[in-house]
Structure formats: structure tokens, C-alpha cells
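Engineer: Pasting a structure below so you can have a look.
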Amino acid sequence: MLASGILGYSAETLESIAEGGAGAVVTKSVGLKPRKGYTNPTVVQVSCGLINAMGLPNPGIDEFAEEIREARTSLEVPLIVSVYGYSEEEYATVARKAVEAGADAVELNVSCPHVKETGSEIGQDLEILAKVVSKVKSTINRPVFVKLSPNVTSIADIAEVVVKAGADALTAINTVKAMAIDTETTIPILSNRVGGLSGQAIKPIALRCVYDIYERVKVPIIGCGGVTDWRDAVEFLLAGASAVQIGTAIATEGPGVFKAVSHGIEEYLKVKGFKSVKEIVGLSHRS
Ligand code: RRO
């Protein structure tokens, strides 16, 4: 799947990613009202990854609904709309509007590491988090995925709360809180100072999170964080993910990364004598 946050702003880019071999696409997070996001610089490249603090730029669900409608008519793969809000009612309203426009599922962003009063501020308050998930669940009749933050003491504890509240699947993980400082100017590079690290640097963290969640809950897990080649994807499957999302690797490997990863998984299954991906989901947990 295409991970949220990269190339997920328009029907056109979502279609090109699907044509390039993604099995499903997730949009950039969208809220009730338009939001400008932070001023530049909003992305910085560091060794093994990117740090971003985009600040949730989005046109608001009413305008974005047009893109969802257009994408839904031409896409041949599931369209998942990433949703954020500042309250349970807002999450539910945005999710409802996304489904009315044609979303096949929603992914609740309760894990953005650097925007106040939403994202991980919601995801770390277990009471509010449970209310958000159950409100959205009772509002729409489509699967509800919840994207979790690694910036917590126990991601498995959070996963348990979210699943009890009705989540159909979990996406693990959002970016890892990080920063970079310019030694010439002596100040932080991102305008927001702090951002979220993605890419290869976070793969071992994401893998551990998926492994921990798989031990605790029974819903499908979507692995996300640093998947760059087929071997990364297979590691996530062995840790317990049923699917993976790819984001930053599109920037480093190009859009062909989706086909390359799926082809690599198929070859691995063949060489190892497995008949289906299902046979290796969580296989690393056997004692
Ligand atoms: O827009 C962002 O700055 C952003 C979001 Br919403 C998110 O969930 N994760 C991230 O790294 N950046």
C-alpha cells in the first residue's frame, strides 16, 4: 500500500501509484477545515531517512471529497482516506464525509508527532483515543484502521485499547520524533524545529512495534516504516504484519518500488515453498 503523507494529495497521483503496482492507496491526512501547514523548510534529508514537519497541510474534507470521488471512479484498488480531527465528533464527521465520497476504509491518524491537540496528543490519551475510535466505528460502515505512534512507552498497551474500542486493523508506525540542526546557522533546520523521522532508519523500530502488537491483539496489522525492498517487507510479514505500506522509499527508489517489493515477496515464497503470504504472517513468533 501507499503510506499516508506522500503523493496522496490528488486523484491523479493516487492513480499513478496504483498503476505502478500498489495494492491499495492511503491519502494524506485530511481534517474538517483547510489547514496551511508549517512554513518551509518542512522536510530535511538525514542519513537513512527524512525528517518532516509538514504540519498537516490539507484542503479540508469538503474540498478533498472531490478528489476522493474522482479517484474512486478510476482506481482499481481500495482507497483508504487518512483522517484527523481535534475531537471525537470531528474525526467522525470527516470519516463520514470521506465514506460518502467513496472511501473504502479510513485510517485514523492518532499519531502525528508534532501538531498540537491532534495526532499523538489524541493517541496518547487512552480515554479520548477509545472514544474517537468507537465514535468513528459507530458512524461509518467501512473498516476503520488506526495508525499508531512509536513515541510511546508501550505500543501494545495502546493497540489493546484501540482494538477494544472497535478498530478493524492497525497501522504501525507513524514517524519517530526527531530533529536536525544546521551547524552553520546553529539553529534547527525545520521551521517547526521538531519533526518525524521516516525511512530506513526507523525500520527496526517499526518491526519491533509490529512484533509487540502481534503478541497482544488479533486484528490485522499493516507494517509501515522504512520498507525499501522485498526483504524489509518479508521481515514485517514474519513479525506479524498482513500487509505493508511504503512511503519514503518512493523518494529514494522511485514508484517502481511497489512492483519490485511484490515481485520479491512472490519469489521468496516460491523459493521457500510457501503457498501464500498468509503462511508467513507472524511466523517469527513460533517458539
Ligand atoms: O503533516 C505532517 O507533518 C505529518 C503527519 Br499529519 C503525520 O502523521 N506524520 C508525519 O510525520 N508528518
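The values are calculated or read from the model by the stated rules, or taken from the named source; none is laboratory data. Since the model is a prediction, treat every value here as computed from it, not as a measurement. Here Cβ is always computed from backbone atoms with ideal geometry, including for glycine, and neighbour counts include all displayed protein chains.
Engineer: Name every residue in segment 118-147 that is in a loop (DSSP other than H, G, I, E, B) and at pLDDT below 95, in order of residue number.
Structural biologist: Hits for segment 118-147 are Thr118, Gly119, Gln124, Asp125.
Engineer: Give me the residue from segment 72-97 that is without any contact (Cβ under 8 Å) to a residue 60 or more places away in the chain, away from the ligand (no atom under 16 Å from the Cβ) and buried (at least 20 other Cβ atoms within 10 Å of the Cβ) and, out of that set, farthest from Ala206 (Cα to Cα).
Structural biologist: So the residue we want is Lys97.
Engineer: Filter segment 123-134 for residues that are within 16 Å of the ligand (Cβ to nearest atom) and touching an Asp or Glu at 6+ places or on another chain (Cβ under 9 Å) and give the result.
Structural biologist: The answer is Val132, and nothing else.
Engineer: Scanning segment 4-47 for residues that are outside any loop (DSSP other than H, G, I, E, B) and among the polar types (S, T, N, Q), which turns out nearest to the ligand (Cβ to nearest atom)?
Structural biologist: Filtering segment 4-47 for residues that are outside any loop (DSSP other than H, G, I, E, B) and among the polar types (S, T, N, Q), the one nearest to the ligand (Cβ to nearest atom) comes out as Gln45.
Engineer: Those residues that are touching a residue at least 24 places away in the same chain (Cβ under 8 Å), among the small types (Gly, Ala, Ser) and either touching an Asp or Glu at 6+ places or on another chain (Cβ under 7 Å) or surrounded by fewer than 21 Cβ atoms within 10 Å (Cβ to Cβ) (or both), I need them from segment 32-58; list them, please.
Structural biologist: Hits for segment 32-58 are Ser47, Gly55.
Engineer: How many residues does segment 51-71 hold that are farther than 13 Å from Ser29 by Cβ, near the ligand (Cβ under 9 Å from one of its atoms) and not in a loop (DSSP other than H, G, I, E, B)?
Structural biologist: Matching residues across segment 51-71 total 1.
Engineer: If you check Glu100 against the conditions, is it modelled with pLDDT of 95 or more, charged (D, E, K, R), surrounded by 20 or more Cβ atoms within 10 Å (Cβ to Cβ) and away from the ligand (no atom under 16 Å from the Cβ)?
Structural biologist: Here the answer is no, as Glu100 does not meet what is asked.
Engineer: Given the criterion in contact with a Leu (Cβ under 7 Å, 6 or more places away or on another chain) and either over 19 Å from Thr252 (Cβ atoms) or within 13 Å of the ligand (Cβ to nearest atom) (or both), identify the matching residue among Val194, Val163, Val219, Val210.
Structural biologist: Being in contact with a Leu (Cβ under 7 Å, 6 or more places away or on another chain) and either over 19 Å from Thr252 (Cβ atoms) or within 13 Å of the ligand (Cβ to nearest atom) (or both) holds for just one of Val194, Val163, Val219, Val210, which is Val219.
Engineer: Next question. On the basis of being within 16 Å of Lys147 (Cα to Cα) and assigned to a loop (DSSP other than H, G, I, E, B), does Val115 make the cut?
Structural biologist: yes
Engineer: Is it the case that segment 225-237 has a residue that's among the charged types (D, E, K, R), in contact (Cβ under 8 Å) with a residue 12 or more places away in the chain, assigned to a loop (DSSP other than H, G, I, E, B) and within 20 Å of Gln45 (Cβ to Cβ)?
Structural biologist: yes
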